[in-house]
Each structure stands twice: as C-alpha cells, then as structure tokens.
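Structure record follows, encoded as structure tokens.
The values are calculated or read from the model by the stated rules, or taken from the named source; none is laboratory data. Keep in mind it's a predicted model, so treat the numbers as computed, not measured. Because the Cβ atoms are built from the backbone with ideal geometry, glycine has one as well, and the counts that use them run over all protein chains shown. The protein model used for the area step is the full one, side chains on, heavy atoms only, and it has no ligands, DNA or RNA in it. Shrake-Rupley method; radii C 1.70, N 1.55, O 1.52, S 1.80 Å.
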Amino acid sequence: MKAYDDLIFDLSKKDRMGYTVDQTTLKDVMIPKHLLREKPALLPEVSELDVVRHYTNVSQKNFGIENGFYPLGSCTMKYNPKINDQLASLSGFANIHPLQPASSMQGLLKIYDHLQTMLSHITGMDAYSLNPFAGAHGELAGLMIIKAYHQKRKDSKRHIIIVPDSAHGTNPASATVCGFDVLEIKSNDDGTINLQALKEVLNDEIAGLMLTNPNTAGVFEKDIVEVSKLIHETGGLVYYDGANLNALLGHAKPGDMGFDITHLNLHKTFSTPHGGGGPGSGPVGVKQFLTNFLPTPHVKFDKEQYTFYHPKDSIGRLGSFYGNASVYIRAYVYILSLGRENLSDIGSFAVLNANYIQASLKDLFTLPIKKYAMHEFVFDGLINQSTGVKTLDIAKRLLDYGFHAPTIYFPLIFHQSMMIEPTEVESKETLDRFIDVMRKVANESVNQPELVKTAPHHTVVRRLDEVKAVRQPILKFSDIK
Ligand SMILES: *Cc1c(COP(=O)(O)O)cnc(C)c1O
C-alpha cells in the first residue's frame, strides 16, 4: 500500500469537473480586484463519482460509534440518535443566517431559551449561556466569570485556582490561559480530593477550585459538600467540570453540591457526534448571584419576544455570533425525546454497565480502586505482567477485534491506566463480547505476547510512529514528499 493513497489530489486530472457554476447567476457579483486570486487555487479536479467513492472509501477506514463499541473513558461516546440530526437539518434551522434580526428567528431563540432552562433544571443551576464552543471553552468562560466576580468585589489578591491531580488536562490549561496560577493538590489513592491537603493550602489568595464529579477515575466525591463549604469559607468559588455528568443524570445535581459554576459538554452527555475536532458546545451555567457575568449575547424572553441582551457585568463575547446552533438543536431534541423519566435512566444504566465490565474482568486486570465505579473506571494494566505486555499493546490488540480502545495512560495517577466507559447505550450482548475479547487478549498476552506487542495486525494502518507524527506533522498536501 502506498503511504498516501487516500489523497483526493492523486485522483486529479486537469480540467475534469464535478460541478459547473451557472455563470449567469454570477453576473451581478462584483469582487473587488484586490481580493481576487492571482493564480487559480490548488484544488483537485475530479468528477462527482470520484468524490463520492473517495469519501465513502475513506469513511470505511475510520472507526466510529456507528461501527462498533467505543469505550473511550471520559469521552462518553454514546450513540447519537438519527432524529437529532434530522431535526437539526430542517431548513428552517439550517438556513438561518447569523446576521438575521432576532425578530425573524423567534422559533430558534425559543429553543435556546428552553434549552437553557432545561439545563438549569438538570444541574440545579439558575441560568445558562450556550455560547462556549467546547468543554474547554466553557471552562475558560467559567474561570473568566470567577475572575470578574472577584474583580467586581475589588478582591484583587485572588490569583490561585486549585485543581486536584486527577483532573482532566484541560482544567489546569484553562486556568493558566485565563491568567490564574494553578495549585495542584494530591488526591487520595482513589483520585478523590484529600481534605487535609485541601485545608493546608486555603488562604485569601484562592480564587476557586475546579472539580469533576465523579472524578476521572469514576469515583464520586463523597466529601463534596464539605469541599464546597471550605472553599466558600475561604472566599473562593467552586467550579464543576460537567463533562462527567452522564453518571449523575436524574440522580444528583451539581447545584445541590455547592457548585457555583458549571460547564456541560453537550457533545458528550447530550448526544452530539464528537471527536475529530467538533463541532461541540460547552454551555456554562451559574448560580443566581453570577448571572450578570454571563457571556454576551444572552438569550431571554423579554415582554413579547425572545431577544439577545447583554448581561450587565458580562465577561464579553466568546466567539462569533451565538455558538453552534445545530448542536443545541440536537441536545434539545435528545432531552425532549427522552423526557424526564428516561433521562434519569441514563445515569443508572451507564453506572450498571461500567460495573458489569469491571466485575467481569478484575481477575485479569489490576483494579487499583476497589470500589463500585460510577460511569467509568480504571484498570492499571494486566495483573500478570510477566511477559511485559503493556496497556498500549492491549489497546492496539483490541482494534484487531473490532473494538475501539479505551482511554489509555490517563488518569496520570496510575502508570498503566486503561479507562473504560461503556455508556448506557450498549446492550448486554455487546458488553459480553467486549469482556470475552478482553479475556482473550489477556490470555494472548501470556501465551503469545509477541502477537499482542506487534498489534494491530488487521487494521488499515499498523502501529503508527506517534512520536514522529507529533514532531514532524504533515498538515498540507504540498508538504508531502
Ligand atoms: C472532554 C472533557 C473536557 C474537555 O471537553 P472538550 O469539549 O474536549 O474541550 C473537560 N473535562 C473533562 C472531564 C472531559 O472529559
């Protein structure tokens, strides 16, 4: 196989065409001369059939939730019901122009408003802004709110955000981008907050604490009310990284645990396709006393109609226009089509499925946290390490059996982490097949270790040189030698 046989440019033949623009529709279009290209763009010249075959073939080399089981921990790779896509692509939604006046898109704004309210009810917050474009962007928005809140109170000493060492990497990154100093505190052995370690660092320079609950090891922070109280007493705010909300749906609300600000990942918990860079959405929610700081524009119902308005002490604009409309519609359809009762089943089944896998494999894989899991759990590699097979090898071997690998080498608190999150959508048959394959790979690791160490053997590409890919990325067609 050629290294780059997948490039559509390789199919290009001079003057071959897939589509012809009707010149008469262009006769009134005037493009200023200085904006015109000097040379034609470097584009592949291909027929429509070439394009269809090319992308169909490429799509079949990929792996997604629609091909098979995708237990990627902390990513909540759940099935995205087709009705979400269908309704999001209705022309009344899909063809709205972002510069249309609010009066001409009342239906869409009603959905925004209603979705903001539903998210508030689900999480126990008082208001949401849908603006942020991703989870990490929601974190940034939340941290900007923390900063604005302290500044408004003229409490300018507070420059520290506390983050436990089990946190998702975006937490310290967002805090740093927002200009805070990050103070990492060591977790207990199960990844939960160590209250003693927390108490030792509290002072009047603490701006806030970021936490995901259940944490990335899938353990619920049982001391969360105490943690919130300690941070509040010291004058800081408590931020909820809500990317792990799936486990709590219908059972617990971050707003009741003392969190002041949350973000949610609509593209995880609320079922929008994700991976490969989006589009995503990370709405940020706040308690009443912070609503004036929400990003602008914000949608609300004002007397007779839905309008955009600018909260009084707003942290400002986070991007162009108003976020990713099609993601909001998908989340809205998802929530409404499940309804309140079925929504609360999500948490129960997500937790049941994770515990079923954990219990079925813990005789072969090291279980560092011997507790019931929430929506996900971590194995710390194989129990039998005699042949030197590592977590990376097992992840690669799973691909040969048609499963996506779990998240590996995260959380960092263990050395051979394998973080498994089945989500609520998988049937018992699928979970059983996965368990069988994991057991098979564990046996291969002892009896045919070379087979596992050189996996994958049956995928489109074999084991990649990940270091080279990071150090010498080829990002443009013209860079290919
Ligand atoms: C996915 C995730 C994030 C980041 O979300 P993005 O949309 O990828 O920016 C943050 N925290 C946790 C715990 C996550 O799982």
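Quick notes on this one:
- Inter-site label distance for residue 100 and residue 457 at 7 Å from Cα along Cβ, in nm: 5.6 nm
- Residue 360-residue 55 pseudo-label distance in nm [points 7 Å out on the Cα-to-Cβ vector]: 3.7 nm
- Rounded to the nearest 10 square angstrom, residue 46 shows an accessible area of 20 square angstrom against a 1.4 Å probe.
- Directionally averaged projected area (the chain, Cα convex hull): 27.6 nm².
- Computed with a 1.4 Å probe on the full set of protein chains, the accessible area for residue 225 sits at about 100 Å².
- Whole-number D in µm²/s for region 179-237 (Stokes-Einstein; Kirkwood sum over Cα pairs; 25 °C, 0.890 mPa s): 206 µm²/s
- Figure note: 66, 421, 341, 226 ranked by solvent-accessible area, largest first, 1.4 Å probe, ligands and nucleic acids not counted: 341, 66, 226, 421.
- Inter-probe distance in nm under a simple model that places probes 7 Å from Cα toward Cβ, at residue 9 and residue 342: 4.7 nm
- Exceeding the 26 Å Cα-Cα cut-off - candidates 222/268; 147/222; 199/362; 78/371; 147/229; 82/300: 147/222; 199/362; 82/300
- Residues 177, 163, sorted by accessible area with the largest first, give 177, 163 [1.4 Å probe; ligands and nucleic acids excluded].
- Applying 1/(1 + (r/R0)^6) with R0 = 25 Å to the Cβ-Cβ distance of residue 468 and residue 177 gives a FRET efficiency near 0.30.
- Label point at residue 372 placed 7 Å out along Cα→Cβ; residues across region 222-254 whose backbone nitrogen lies under 20 Å: 222-225, 244-254
- Kirkwood hydrodynamic radius over Cα pairs of region 383-460, then Stokes diffusion coefficient at 37 °C and 0.692 mPa s, in µm²/s: 251 µm²/s
- Rounded accessible area of residue 156 (nearest 10 Å², 1.4 Å probe): 110 Å²
- For region 10-105, convex hull volume per residue from C-alpha positions, Å³: 254 Å³
- Region 8-61: relative contact order as a whole-number percent, Cα under 8 Å and 6+ apart: 60 percent
- Stretch gain in nm, segment residue 165-residue 189, where the contour uses 0.36 nm per residue and the Cα spacing is subtracted: 7.5 nm
- Residue ranking by accessible heavy-atom surface, 1.4 Å probe, largest first, among 200, 139 comes out as 200, 139.
- Theoretical ellipticity at 222 nm over the chain - DSSP helices of four or more residues, -39500 (n - 2.57) apiece, nearest 500: -10500 deg cm²/dmol
- Relative contact order %, region 96-338, counting alpha carbon pairs below 8 Å whose residues are six or more apart: 27 percent
- Net charge dipole, region 339-465: roughly 340 debye, given to the nearest 20, about the Cα centre with Cβ charges of +1 for Lys and Arg and -1 for Asp and Glu.
- Theoretical FRET efficiency, 1/(1+(r/R0)^6), r = Cβ-Cβ of residue 30 and residue 232, R0 56 Å, to 0.05: 0.40
- Proximal aspartates and glutamates relative to residue 303, as straight alpha-carbon distance under 18 Å, when same-chain residues fewer than 8 apart are discounted: 113
- If R0 is 41 Å, the Cβ-Cβ spacing of residue 45 and residue 415 corresponds to a FRET efficiency of close to 0.20.
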